[in-house]
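Right, one structure below, let's go through it.
The values are calculated or read from the model by the stated rules, or taken from the named source; none is laboratory data. Remember, predicted model here, so these are calculated numbers, not experimental data. Quick reminder, even Gly has a Cβ in these numbers, built from the backbone with ideal geometry, and neighbours come from all protein chains shown. Ligands, DNA and RNA are excluded from the accessible area calculation, which covers all protein heavy atoms including side chains. Shrake-Rupley method; radii C 1.70, N 1.55, O 1.52, S 1.80 Å.
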Amino acid sequence: MSSTRAGQLPPASSRGIVEAYVTRMASQLPEDFAIATLVPWDSPHKPGRLATPDAAHAGHWDAREIASLVSGCSSLLVPCTLETKHEKRMIRSLLKQIEPNSDLCVALLQLLEIPDDMNREYVEVLMARHDVLLALGADVVILDPSDDQDRLCAELNQARAWLEAHVQRAQCEVDMGADAKAQAVLEYHHELLWESFPKAMMHAFPPIDHNLVETTTSVGDFLLMHRLSTVSGNVILARRSESEEVILKVYDKADFITARDVENIYSELRFLRDELRHPHIVKCICVIHSFSRVYLALQVGGKRNLKQHLLNQPGYRLDLQDAVDCTAQIAGALAFCHSRDIVHRQVSLDHVVVDDQSETPFCRLVDFFAATRCVEWTPSTTVCGDLPSIAPEMVLEASYVAKPADCWSLGVVLLEVAGGMGSTRQAVGWPDDAELELAAAGIRNFFSCRGSHARALAAMGGVRSRAVLARLSGLLEPEPAARAVAGAYTHSCIDL
């Protein structure tokens, strides 16, 4: 026996105790009982109905021997002393191997060698080993089992009865208290997610206002007027007493169950309230935190988004000058964000609102739920947005750089408002049920071809413009590193 293997196995005295016990008991046990030892068998005579590890590969069991042994058995006895980690590993291996035999009762028998000088330290060692055995997951653990068949069977039957009673009692508790326990878990989860986590990590997140009054017509001091149609969830036009109108963006906590969700809401709050003061970015006026919801009170940048605005325009597009101007406004907002290392990641017609009360549409960028900080060329992996605005590399690559991805989405906005809503899909072509990856690959391949930007601009209504094409070719560049930046989007002297 090698020194390595000898160091793994229990000392000879412990192995002798186990083999002596098995030899005494093997002939006494009922036929539906089997025995397994945790080390190879050393004695000349090996009893029947006994499984041992492979002598040539200590630590391995013969699967066929185990399967044959436990077939038709009701109980498997595993005598041990647990003097080494080797025995612990072998118990785990054995339990895993016989796991499919769910009706088999596995009993760990902790054999004791009582020394002449019994002391407290030795007792504590034995009890520590017993605790380990209990934690390994066997059905029954018996300390100092009897040498007598009848007494041993009585001990096993008693232990099994206690086990069955415990299982039944636990099931009854689950059946009777499932709703109460589930509610307790939900309450604890809510406390961690919306109170403890923000308190520790998000100092600007207001605590829950347990006195806030929420009705179907009001939230605190805000009177609810009507809901707005958006893709960003529950958005309500409201008014605070006689003051100006606001947009309440409502986050129902039942829909947000991870720490990442809370971080996204908090980031949107901080970006729009404290950091992004720009005329073409909607600002957050205040936040209201109730037990079940978070409300962001936002500036009314417009009651319709750019997609809804285009639906009321001839050819579903803007006048070319308005198209260039609107996109320039959003480009300015993006450039401002990027200068502060903040990326939007969902720039689209849905996330631009339009104040069309003046002669020239005034646009603001909204919905910063997916926005995050991203320093220069730091790679990102989170896929945000949807067709047609999502940058191809966001879908097709393992990682992407977020600022150029924002600029691609800006290019799609320009194409859609100048050429007509639907220009990207009309030019590239993808079916309604197309997978996102296939559509993204088709978009990238299309804009890799010479003359593709002119074809895309003219796809809906034959629109042609050198000024628009100059911008499109820089923004809708399949290679992110070669893509124009938002700050480079300026009014051009080229004829529209």
A chain fully extended from ALA12 to GLU244 at 0.36 nm per residue, minus the present Cα-Cα distance, gains in nm 74.8 nm
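What full-extension length gain, to one decimal in nm, is calculated for ASP356 and LYS96 as 0.36 nm per residue of separation minus the Cα-Cα distance?
86.7 nm
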Once both label points are put 7 Å beyond Cα along the C-beta direction, the GLU214-PHE197 separation in nm becomes 1.7
With all protein chains present, segment 400-496 has a carbon and sulfur share of its accessible area (1.4 Å probe) in percent of 53
By the Kirkwood definition, with r running over pairs of different Cα atoms, segment 223-309 has a hydrodynamic radius in Å of 13.7
Rounded to the nearest whole number, the per residue volume of the convex hull around the C-alpha atoms of segment 344-455 in Å³ is 123
Eigenvalues of the alpha-carbon gyration tensor of segment 259-316, times 5 and square-rooted, give semi-axes in Å, largest first, of 28, 14, 11
Rounded to 0.05, the calculated FRET efficiency for the beta carbons of ASP274 and ALA135 at R₀ = 51 Å is 0.55
The answer for the chain, accessible area per residue at 1.4 Å probe in Å², is 51
Rg (one decimal) and Dmax (whole number) from the Cα set of the chain, in Å, equal 35.7, 106
With label points set 7 Å from each Cα along the Cα-to-Cβ direction at GLN28 and ARG450, the distance between them in nm comes to 9.6
Computed ³J(HN,Hα) along segment 414-431: with the Karplus parameters 6.51/-1.76/1.60, θ = phi - 60°, integer Hz and x for glycine or proline, the list is 4, 4, 6, 7, 8, x, x, 4, x, 4, 4, 5, 4, 6, 7, x, 8, x
Sorted by chain and number, the residues with a modelled amide H under 5 Å from that of LEU223, at a separation of 5 or more or across chains, are ARG239, ARG240, SER241
Among segment 278-314, those whose backbone N falls under 12 Å of a label point 7 Å along Cα→Cβ from MET225 are 300-304
Expected sort for 257-267, 120-130, 348-358 on mean C-beta neighbours within 10 Å, highest first, is 348-358, 257-267, 120-130
Over all pairs of different Cα atoms in segment 289-399, the reciprocal of the mean inverse distance gives a Kirkwood radius in Å of 15.7
Contact order relative to length for the chain, counting C-alpha pairs under 8 Å separated by 6 or more residues, stands in percent at 8
In order over segment 135-150: 3J(HN,Hα) from phi, Karplus 6.51/-1.76/1.60, θ = phi - 60°, whole Hz, x for each Gly or Pro, gives 7, 6, x, 6, 6, 9, 10, 10, 8, 6, x, 6, 7, 8, 4, 4
For segment 13-28, in residue order, the Karplus 3J(HN,Hα) values (coefficients 6.51, -1.76, 1.60; θ = phi - 60°; whole Hz; Gly and Pro = x) are 5, 5, 5, x, 4, 5, 5, 5, 5, 5, 4, 5, 8, 4, 7, 8
In this structure, the FRET efficiency calculated for ASP319 and THR382 from their beta-carbon separation, with R0 = 35 Å, to the nearest 0.05, is 0.45
